[in-house]
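Structure first, commentary second.
The values are calculated or read from the model by the stated rules, or taken from the named source; none is laboratory data. Given the structure is predicted, the values throughout are model-derived calculations rather than measurements. Cβ placement follows ideal geometry from the backbone for every residue including glycine, while neighbour counts extend to all protein chains displayed.
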Amino acid sequence: MKSLFAALFFTGISIYAQNYDEIYRPQFHFTPPAHWMNDPNGLVYFNGKYHLFYQYYPEATVWGPMHWGHAVSYDLMHWEQLPIALYPDALGWIFSGSAVIDTQNTAGFGRNAMIAIFTYHNDEIWKSGKKNTESQGIAYSLDEGKTWVKYDKNPVLNNSGEQDFRDPKVFWNPSTQLWNMVLAVGDHIRIFSSPNLKEWKKESDFKPDNDFKDLGFWECPDLFPMTTSEGTTKWVMIVNHGDKCPNGGSGTRYFVGDFDGKTFTPSQSSLWMDHGTDFYAAVTFSNVPDNQRILLGWMSNWQYATKVPTEVWRSAMTVPRQLELVASKNQFFLKQSLLPVFQYNQNELYKAIIASLPFEKKRLELEQAEISFATEASDFRITLSNSAKEQFQITFADGVIQMDRSQSGQVGFSEVFGSKIQSMAVPEKITSVQMLLDASSIELLINDGKYSMTNLFFPIQPYSDISITSNSVQKIKNLTINAIPSIWKK
């Protein structure tokens with residue numbers, strides 16, 4: 001959501017980021033060529049391409065007047081950077097939103113028009129102390145997102161007096177033959193409907209009575225149906241919170257329930273999408289074939305996002321994650337898994353059907369790697385380290401996984417970055433562990449993606465050594481360590 005000015009975009013970045021080889025630069029996660037990036041926006045699939053728009057400030061490596069950056073991919077791994085899609089105008093900065101394909105020409109811009117629905121943030125109104133800072137606008141493209149025209153009667157949804165009124169996620173509802181919008185409004189989600197993306201009717205507000213009372217402001221919602229392998233269809237509501245989440249700062253959770261086109265009714269308590277500190281603003285791609293749901297998040301945290309020790313650019317996206325709705329013990333949850341393209345693009349570094357513990361391997365190329373194994377252990381410790389005696393530790397004991405980055409490298413840029421150990425309860429037997437390492441990040445998936453943790457780290461040199469120990473077992477199975485090549489042309 002949060003976060004204009006730069007017609008010389010490509011001129012500005014060409015002297016900085018041609019090779020994408022700066023220290024801490026991720027090599028298989030999406031990053032902007034230069035300058036500041038935060039929330040993923042307008043995620044949509046059309047004519048064989050996945051479109052990623054994103055909150056972008058092309059004049060600095062800190063948050064500022066927001067634009068929509070733009071990139072496309074055929075496989076969600078390799079990305080082509082495109083010119084800025086949307087610039088601020090007299091109505092305000094361009095905050096977060098979504099994109100749809102208007103196959104029935106309901107808006108009158110043309111059949112199959114790509115339409116962006118976004119929040120205008122008027123900073124002058126905000127500075128004056130008034131609450132009606134934010135409203136919703138639309139823009140359309142008739143050439144697959146290459147050029148954009150803003151609707152001349154924007155805004156299409158005026159502020160009704162709320163301080164926070166933003167981040168529209170819009171989708172076509174075939175049951176009602178209307179568009180629906182979910183919008184973050186302060187500490188709840190507001191649901192609207194429209195026949196044409198221009199005229200919106202309020203349908204309901206969503207916030208459970210027994211919900212958390214002290215979470216930070218609500219942002220970047222999403223709402224979509226999913227069907228289990230047994231044929232049960234439920235609706236998933238994703239909500240992102242800017243502060244006060246369990247592991248500190250910003251985070252993402254989801255509700256599972258039912259939606260009748262007007263009201264969302266949860267059938268269970270919310271669950272956290274990711275238990276690390278660096279997973280936020282997560283939303284899904286629209287219009288993906290076969291009703292697939294693919295999730296993408298911003299890999300940072302508002303507590304320190306503007307301070308992390310990267311130069312030229314700031315922030316990365318997570319890897320796209322395939323979602324699956326699973327029913328277990330009278331509860332529904334989302335499993336997250338890597339897309340097949342990430343499995344194909346790997347080079348084997350080490351493999352063992354049975355690996356004895358303690359296991360230790362030195363001088364491996366772990367800067368860009370996937371590490372996975374099967375286990376029956378009731379406890380374990382994984383340590384990634386380098387010759388500078390920096391280390392990142394993952395421990396599992398007493399049903400809790402913890403990540404400790406206090407000695408992981410550079411931590412002094414923020415009082416909170418290295419001071420808190422992140423925790424995730426796993427109230428079941430752990431059977432599988434999968435880790436993705438990419439220069440300055442780790443994404444951990446437990447039990448085929450039922451549980452996940454995402455965290456940043458900034459070692460002064462890449463981790464090259466790994467050790468795995470346990471007090472409960474003497475071996476692990478199917479240990480693989482694979483290198484993942486860079487997606488950027490050198």
Exercise. Here are some residues: LYS351, LYS389, LYS362. Which one is closer than 29 Å to THR306 by Cβ, surrounded by fewer than 18 Cβ atoms within 10 Å (Cβ to Cβ), over 28 Å from the mean Cα position of the chain (by Cα) and not acidic (Asp, Glu)?
Worked result: LYS389
Exercise. Taking LYS207 and the conditions (1) within 30 Å of LYS150 (Cβ to Cβ); (2) in contact with an Asp or Glu (Cβ under 7 Å, 6 or more places away or on another chain); (3) of a type in the set (D, E, K, R), which numbered condition does it fall short on, given that it satisfies the others?
Worked result: (1)
Exercise. Quick one: is TRP126 outside any strand (DSSP E or B) and either of a type in the set (A, V, I, L, M, F, W, C) or touching a Cys at 6+ places or on another chain (Cβ under 7 Å) (or both)?
Worked result: yes
For this session: Collect the residues in region 91-110 that are loosely packed, with under 15 Cβ neighbours inside 10 Å and either outside the structural domain of VAL72 (by TED's automatic domain parsing) or farther than 16 Å from PHE171 by Cα (or both), keeping them in residue-number order.
Result: LEU91, GLY108, GLY110
Exercise. Restricting attention to region 145-192, and to residues there that are of a type in the set (A, V, I, L, M, F, W, C) and under 21 Å from ASP89 (Cβ atoms), which single residue is surrounded by the fewest Cβ atoms within 10 Å (Cβ to Cβ)?
Worked result: VAL149
Exercise. Looking at this structure, is ARG363 outside the structural domain of GLY216 (by TED's automatic domain parsing) and at positive phi?
Worked result: yes
Exercise. Between residues in region 322-346 that are farther than 20 Å from LEU437 by Cα and modelled with pLDDT of 90 or more and residues that are exposed (fewer than 15 other Cβ atoms within 10 Å of the Cβ) and β-branched (Val, Ile, Thr), which pairs lie under 7 Å by C-beta distance while being six or more apart or on different chains?
Worked result: LEU325/THR227; LEU325/THR228; VAL326/THR228; ALA327/THR228; ALA327/THR232
Exercise. From the list GLY92, GLY110, which residue is more than 21 Å from VAL283 (Cα to Cα) and touching a Gly at 6+ places or on another chain (Cβ under 9 Å)?
Worked result: GLY92
Seminar exercise, completed: Just one listed residue, out of ASN173, ASN210, ASN180, ASN196, is in the same structural domain as MET237 (by TED's automatic domain parsing), polar (S, T, N, Q) and closer than 18 Å to ARG253 by Cα, and it is ASN210
For this session: Go through SER414, SER419 for me and flag whichever is farther than 20 Å from ARG363 by Cβ and either outside the structural domain of LEU445 (by TED's automatic domain parsing) or at pLDDT below 95 (or both).
Result: SER419
Problem set entry | Criterion: under 26 Å from PHE212 (Cβ atoms), touching a strand residue (DSSP E or B) at 6+ places or on another chain (Cβ under 9 Å), assigned to a strand (DSSP E or B) and β-branched (Val, Ile, Thr) - qualifying residue of ILE189, ILE138 | ILE189
Exercise. Do you know which residues across region 100-116 are closer than 18 Å to LYS153 by Cα and not in a loop (DSSP other than H, G, I, E, B)?
Worked result: ALA113, MET114, ILE115, ALA116
Problem set entry | Neighbours by Cβ (under 6 Å, 6+ apart or cross-chain): first from region 142-171, β-branched (Val, Ile, Thr); second part of a loop (DSSP other than H, G, I, E, B) | VAL156/LYS198
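So that you can scan it fast, the table gives a plain yes or no per residue for (1) hydrophobic (A, V, I, L, M, F, W, C); (2) under 17 Å from GLY97 (Cβ atoms):
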site: GLY161; (1), (2): no, no
site: ARG166; (1), (2): no, yes
site: PHE206; (1), (2): yes, no
site: GLY216; (1), (2): no, no
site: GLY248; (1), (2): no, no
site: THR265; (1), (2): no, no
Exercise. Is it true that some residue in region 231-248 is surrounded by fewer than 13 Cβ atoms within 10 Å (Cβ to Cβ), in the same structural domain as MET299 (by TED's automatic domain parsing) and not small (Gly, Ala, Ser)?
Worked result: yes
Exercise. How about region 366-382: which of its residues are within 22 Å of ASN347 (Cα to Cα) and either of a type in the set (A, V, I, L, M) or outside the structural domain of SER470 (by TED's automatic domain parsing) (or both)?
Worked result: LEU366, ALA369, ILE371, ALA374, ILE382
Problem set entry | Residues being aromatic (Phe, Trp, Tyr) and part of a loop (DSSP other than H, G, I, E, B) - total across region 284-341 | 3
